[in-house]
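So the structure is just underneath, and the comments pick up after that.
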Amino acid sequence: ETADVVILGAGPAGLVLGNLLQASGVDCLVVERADAAQVRTRARAGFLAANTVRILDRHGLAEGLHRRGREHSACEFRTQDGRFRLDYGSLGRGERHTVYPQQELVTDLLTHYQGAGGRISFRTEAVAVVGADGSRPEVTVRDPDGRPSRLHARYVAGCDGRHGAARRSLPPGAVRRHHLDHGLSWLGLLAQAPPSLDAVGYAVHPDGFAGHMARTPEVTRYYLQYQRGQAADAWSEQRIWDELALRMGAAEYGALHRGPIVQRTVVDLESDVLEPLRYGSLLLAGDAAALLSPSAAKGANLAVLEAEILAGALVDDLAHGDARGLERYSAQCLPYIWRAQEFSQWMLRLLHGPSGPDAESLFHNALRRARLESLRTSRSQQDWFAEHYVGV
Ligand code: APR
């Protein structure tokens, strides 16, 4: 099979890109390892920044999120010193999030893409990108029956995440990987229970961080800082709820709405950036381009932003013979990626501290307390926070 652009991966990055190329008449093919039902139901992120909504609006891809998404504009910090709330929707640039579970966005993008005649091969795993240093790259794939075959392209878009074929196909030394392992892990939970507060909750507790994020009226995401290497099922549901209640100060601030835990995953907090985001005719977007720690919910938002920039550059080249956009692609995205990394890192240091009783740990924890106190009391600090929290 042949396509001008072969897109690896049907996540937010790959499907926004596919929709935009399809709308501009560029011939493309999406290759996705999972089946259609998995793609439509995988629960991941859920907070869309105002700019992400603007991008999706611009291309007629936001109908579902306007209909079913809910505006969100407050967060609450709970610490040993008390709690405070930031109505970030009326701070900084006055922007809000739209809470819309990622699987619903992905479902909308897929429906729209296929409705417009877009081609996608499910249950097809990309194995490698071959010949990306030239102008006739190929993608070797395994079809649903496990048979190998080859796809011919002009460009390959690597939107297949951090463990995908795009990253694996980069020859050593072709692209630099900046990498940071934060040494921390979170247990990510989906609870079949309504939200417990009408804000994003961030609890900073001596036992570790706990987080609360709305998803739908029936489902809520929680996070618990967790021992690195510990299995996801090591704690009983009872222990999970007790630990969430303890860290979130439920005794003081109100009980949590408990319910069955329907999903648990351990997330090792890591960040990386590939530089440049291009190797010949292979271009990277989304998690394949950069991995953000989930501390500031930036991953899906960056993926959409990069996909829009990449689509414009590919259309310029393939439809108008102008390669300048592709030459600029990496340099154009990297500043956004690094600013998102910087804010995610700031959030990480706000929410976690070293736990030891040694002098250095105590010093760092005192700094973190001071940082939280600035955020509680300083309007300019709050404006800065709001601008970066919702912005990309
Ligand atoms: N071949 C084909 N498809 C693959 C392969 C492969 N070898 N490897 C992975 N995939 C598919 C996955 O099944 C998945 O559907 O690529 C897709 C990648 O999608 P995401 O992981 O959602 O990545 P991306 O589109 O970059 O999303 C960005 O969304 O939820 C956030 O944290 C997430 O930051 C991430 C963001």
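The values are calculated or read from the model by the stated rules, or taken from the named source; none is laboratory data. All figures in this text were calculated on a predicted structure; none of them were measured in a lab. Neighbour counts are summed over all protein chains in view; Cβ atoms, including those assigned to glycine, are modelled from backbone coordinates with ideal geometry. Surface areas here come from the heavy atoms of the whole protein model, side chains and all, with no ligands, DNA or RNA. Shrake-Rupley method; radii C 1.70, N 1.55, O 1.52, S 1.80 Å.
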Per DSSP helix of 4 or more residues, -39500 (n - 2.57); summed, then divided by the residues of the chain. What does that give at 222 nm, rounded to the nearest 500?
-11500 deg cm²/dmol
Largest first, how would R150, R215 line up by accessible area (1.4 Å probe)?
R150, R215
Summing +1 per Lys or Arg and -1 per Asp or Glu among the other residues with Cβ less than 11 Å from A285's Cβ gives -3
Treating the beta-carbon of each Lys and Arg as +1 and of each Asp and Glu as -1, no other charges, what is the dipole magnitude of the stretch 242-382 about its Cα centre, to the nearest 20 debye?
600
From the phi of every residue in the stretch 205-214, what ³J(HN,Hα) in whole Hz does the Karplus formula 6.51 cos²θ - 1.76 cosθ + 1.60 yield, where θ is phi - 60° and glycine or proline is x?
9, x, 6, x, 6, 9, x, 9, 9, 5
Would you tell me the accessible area of W338, worked out with a 1.4 angstrom probe on the heavy atoms of the protein chains, in Å² to the nearest 10?
110
In the neighbourhood of L8 defined by beta carbon distances under 15 Å, the net charge of the other residues (Lys, Arg +1; Asp, Glu -1) is +1
Given the Cα-Cα distance of L246 and H66 and 0.36 nm per residue of separation, how much length would full extension add, in nm?
61.2 nm
Enumerate the whole-percent occupancy of each 5 Å bin, from 0 to the last occupied one, for all C-alpha pair distances of the stretch 1-160.
2, 9, 16, 17, 16, 12, 9, 7, 5, 4, 2, 1, 0
Helix 359-377 axis, angle to the chain major axis (alpha carbon atoms, nearest 10°):
90
At 1.4 Å probe size, put V390, V130 in order of accessible surface, largest to smallest.
V130, V390
Using a 1.4 Å probe on the protein heavy atoms only, what accessible surface does T111 show? Give it in Å² to the nearest 10.
80
May I ask you to evaluate 6.51 cos²θ - 1.76 cosθ + 1.60, the Karplus curve with θ = phi - 60°, for each residue of the stretch 55-72 and list the ³J(HN,Hα) values in order in whole Hz, giving x for glycine and proline?
4, 5, 4, 3, 10, x, 10, 10, 4, x, 6, 6, 6, 10, x, 10, 6, 9
Work out the length of the dipole vector of the stretch 182-269 about its Cα centre, built from +1 on the beta-carbon of each Lys and Arg and -1 on the beta-carbon of each Asp and Glu, and round it to the nearest 20 debye.
140
Here, T2 and R239, labelled 7 Å along Cα→Cβ, have an inter-label distance in nm of 5.9
Stokes-Einstein translational diffusion, the stretch 323-392 - Kirkwood Rh over all Cα pairs, 0.890 mPa s, 25 °C, in µm²/s
171
Can you pull the percent of the chain's accessible area that's carbon plus sulfur, 1.4 Å probe, other chains left in place?
48
Starting from the Kirkwood radius over alpha-carbon pairs of the chain, derive D by Stokes-Einstein at 20 °C in a medium of 1.002 mPa s and give it in µm² s⁻¹.
98
Out of F363, G183, G11 - ranked by how far each Cα lies towards the positive end of the dipole of the chain, with unit charges on the beta-carbon of charged residues - the top one is F363
Cα-only Debye scattering, the stretch 182-269: base-10 log of I(q)/I(0) at q = 0.19 Å⁻¹
-0.80
Add +1 for every Lys or Arg and -1 for every Asp or Glu among the other residues with Cβ under 14 Å from the Cβ of S90, and state the total.
-1
